[in-house]
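Below is one structure, written out as structure tokens; comments come after it.
The values are calculated or read from the model by the stated rules, or taken from the named source; none is laboratory data. Everything numeric here is computed off the predicted structure, so don't read it as measured data. Here the Cβ positions follow ideal geometry from the backbone for every residue, glycine too, while neighbour counts run over all protein chains shown. Side chains are part of the model used for accessible areas, which takes the heavy atoms of the whole protein and leaves out ligands, DNA and RNA. Shrake-Rupley method; radii C 1.70, N 1.55, O 1.52, S 1.80 Å.
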Amino acid sequence: IRDAGNVVLGMHVGYRGADPDRTIAKAKYGQVAAGPHLPPASEKVMVSDPLFVKACARLGLISVFEDANGAVRDVQLGAALGPSVIVPFAFALVAEYKGIDRGNVSYLGEDGSAQLGDYTIKGVDGRMLLNWRGTPFPTVSIVDLVEGKVPADVVKDKVAIIGFTHLAEDTVDSPFGRQPGFLVHATALDQVLSGDRLNRATPALDALITFLAGLIASVIFVPKLTPAAQVAGAAVVVALAGFGVYGAFVGAHLWITGIGPVIAAAFSAGVCLAGSYWQEGLQRRHLRNAFSHYLSDKLVDELVADPSRLSLSGERRELSVLFTDIRNFTTFSERIEPLELASFMRDYLGPMTKAVLDQDGYVDKFIGDAVMAIFGAPVPRADHAVRACATAIDMFNALDGVRPHASRLGIDLHIGAGVNTGDVIVGNIGSAERFNYTVLGDVVNLGSRLESLTKTYGVFCLVGPKTALQAGERCTFRVVDLVRVKGKNDPIELFELLSGPGGTIVAYVDADEFRAAMAAWRAGDFATAKTSFESFLAKNPKDGVPKLYLERIAELGGVAPTGWDGVYTHTKK
């Protein structure tokens, strides 16, 4: 490698691996211009043996990412590693092949593009779209090369990428099926050198073509044609929209949104066709008008599609419930004029409701200043626990926008949230004269208790054990207690929501010390628990949980009672 002097090795970045060292300088862009389109940040690196890295000429990023359909259709223009940006493998190959020094290899954060000497690579959201060839580049066997069976002119003055071609090894999904992974970098390299790149249409062109497809589909219904002719004409427009987009892609390497024109044409045709059958939809419109005033839009859509859902019987389903409540609101409301209070509640409940709806939740009811929301019904969502936690975080973040109004009224705005997950009865509950879509069950009651207990522990959000289990991959939690709530015999663990989709609520210093204190508490070693809680509290003076445990230890005289099981029994709701 050292003797050749032109070998480029691959590397990965991510959140697993080793800390970067000075050898990673061989992988960095020589210049990085700040801007809003810097690539995503990483922390760790995975590279070859240090002897190889020291000997090679350059390093390049070989990590690839699949899109929503599971295929690799682009390469990142770089990956942030601290203040630096890592060069993609294909770009490092181009720079080495063309003798471009690092000072002329630049990443432009203003528009998310890269500059390799005289080569400018424009990105789309920090990625270079791959113009897949669909057929492999010429390959030779590494065994034949080592054994001298490959003529020198086969690889002379060319870029040679060493990688697996056997489909049982390094492969990726491409638009042309399963392909050897090194073809991603070969395709990107070839595009840079040849300039034969795939271009993305501008949003304005996408919008114009989508609008025209919808307009033409609508015009089909202007003449008094038979329904069959109208449907046939609409089908032709939809097909032409699809083939037109495909033709631009194949003939001009221009990627125009395909689904937009097709959907616009189909939607316009569907709307016009529905207008022809107005009387057939009269019953459904009447149903929507009757229930849209007090049911969510999604629930109304379900009822229109399936009126049988109006039955009073419910169904058992696993979902998550969220309860929130403003701290000490009764005290504040007693001294505020009713009109001012109503104005504040509108400002407060608006962002709280938006937070629920943004996560596909269902606002079950408002109880004064309290909010009850359901996730996983009426529209099923497998990740309902994550969505409920994300909503709590969004609510926490939204409070900053409401606090100026609260301050003018003398309200110190803080809320508590409780989230619980489990099986409930969900459906239209009530009498024959009046009913409401809601949930019933022990899970709901415990969710409400969790919200109330946030005042006891001095935290923003408490969640039940099943919520923490299901949301654990995307959210972080802290165990705060093992308790029996009032009216329950079986103990449950209480978890504090720390962070998740949407941001971080709170971060504690030396969380391991808190876990050690909790372990000592449950084991009945109050002396160790007291020391650890006091030490943790000194580092986190605003945390109310260690204060609570120190008070309990003092109340118990510093000694665990006989038969201690680490469970605390709450006697109040």
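Values for this structure:
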quantity: Residue match in the stretch 29-36 (condition: open to solvent by 30 Å² or more (accessible area, probe 1.4 Å), touching a Phe, Trp or Tyr at 6+ places or on another chain (Cβ under 6 Å) and part of a strand (DSSP E or B)); calculated: yes
quantity: Criterion: surrounded by 20 or more Cβ atoms within 10 Å (Cβ to Cβ) and not in a strand (DSSP E or B) - qualifying residue of Val64, Val85, Val72; calculated: Val72
quantity: Residues that are assigned to a loop (DSSP other than H, G, I, E, B) and surrounded by 16 or more Cβ atoms within 10 Å (Cβ to Cβ), drawn from the stretch 117-132; calculated: Gly123, Gly126, Leu130, Asn131, Trp132
quantity: Residues of the stretch 176-187 satisfying the condition of being in a loop (DSSP other than H, G, I, E, B) and buried (at least 17 other Cβ atoms within 10 Å of the Cβ); calculated: Gly181
quantity: Residue count, the stretch 136-157 (criterion: under 22 Å from Leu193 (Cβ atoms), without any contact (Cβ under 8 Å) to a residue 24 or more places away in the chain and open to solvent by 70 Å² or more (accessible area, probe 1.4 Å)); calculated: 6
quantity: Residue ID - least open to solvent (accessible area, probe 1.4 Å), chosen from residues in the stretch 1-28 that are among the aliphatic types (A, V, I, L, M) and not in a helix (DSSP H, G or I); calculated: Met11
quantity: Qualifying residue in the stretch 400-408 (condition: open to solvent by 30 Å² or more (accessible area, probe 1.4 Å), at pLDDT 90 or above and touching a helix residue (DSSP H, G or I) at 6+ places or on another chain (Cβ under 7 Å)); calculated: yes
quantity: Residues (touching a residue at least 40 places away in the same chain (Cβ under 8 Å) and in a helix (DSSP H, G or I)) located in the stretch 358-392; calculated: His384, Ala385, Val386, Arg387, Ala388, Cys389, Ala390, Thr391, Ala392
quantity: Number of the condition not met by Asp190 [criteria: (1) touching an Asp or Glu at 6+ places or on another chain (Cβ under 9 Å); (2) part of a helix (DSSP H, G or I); (3) under 22 Å from Pro39 (Cα atoms)]; calculated: (3)
quantity: Selection status of Asp173, open to solvent by 80 Å² or more (accessible area, probe 1.4 Å) and either within 17 Å of Leu61 (Cβ to Cβ) or not in a loop (DSSP other than H, G, I, E, B) (or both); calculated: no
quantity: Residue that is nearest to the chain's Cα centre (by Cα) [pool: residues in the stretch 489-504 that are under 14 Å from Asp565 (Cα atoms) and not β-branched (Val, Ile, Thr)]; calculated: Glu493
quantity: Filter result (out of contact with any helix residue (DSSP H, G or I) (no Cβ under 7 Å at 6 or more places or on another chain), farther than 19 Å from Gly78 by Cβ and modelled with pLDDT of 90 or more) within the stretch 1-47; calculated: Asp3, Ala4, Gly5, Val7
quantity: Options Ala168, Ala160; residue that is assigned to a loop (DSSP other than H, G, I, E, B), small (Gly, Ala, Ser), open to solvent by 50 Å² or more (accessible area, probe 1.4 Å) and modelled with pLDDT of 90 or more; calculated: Ala160
quantity: One residue from Tyr294, Tyr362 being modelled with pLDDT under 95, over 23 Å from Asp412 (Cβ atoms), open to solvent by 30 Å² or more (accessible area, probe 1.4 Å) and of a type in the set (Phe, Trp, Tyr); calculated: Tyr294
quantity: Residue match in the stretch 204-211 (condition: of a type in the set (D, E, K, R) and assigned to a loop (DSSP other than H, G, I, E, B)); calculated: no
quantity: Residue match in the stretch 178-200 (condition: under 37 Å from the mean Cα position of the chain (by Cα), over 23 Å from Glu96 (Cβ atoms) and among the aromatic types (Phe, Trp, Tyr)); calculated: no
quantity: Odd one out for Ala114 among (1) within 22 Å of Val45 (Cβ to Cβ); (2) surrounded by fewer than 18 Cβ atoms within 10 Å (Cβ to Cβ); calculated: (2)
quantity: Residue that is surrounded by fewer than 16 Cβ atoms within 10 Å (Cβ to Cβ) and within 21 Å of Asn428 (Cβ to Cβ), where the choices are Arg316, Arg335; calculated: Arg316
quantity: Residue within the stretch 88-99 that is among the β-branched types (Val, Ile, Thr), out of contact with any His (no Cβ under 7 Å at 6 or more places or on another chain) and open to solvent by 10 Å² or more (accessible area, probe 1.4 Å) present; calculated: no
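Residue-by-condition table, conditions (1) open to solvent by 50 Å² or more (accessible area, probe 1.4 Å); (2) over 27 Å from Ala398 (Cα atoms); (3) among the aromatic types (Phe, Trp, Tyr); (4) assigned to a loop (DSSP other than H, G, I, E, B):
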{"site": "Gly410", "(1), (2), (3), (4)": "no, no, no, yes"}
{"site": "Thr421", "(1), (2), (3), (4)": "no, no, no, no"}
{"site": "Gly427", "(1), (2), (3), (4)": "no, yes, no, no"}
{"site": "Leu450", "(1), (2), (3), (4)": "no, no, no, no"}
{"site": "Thr454", "(1), (2), (3), (4)": "no, no, no, no"}
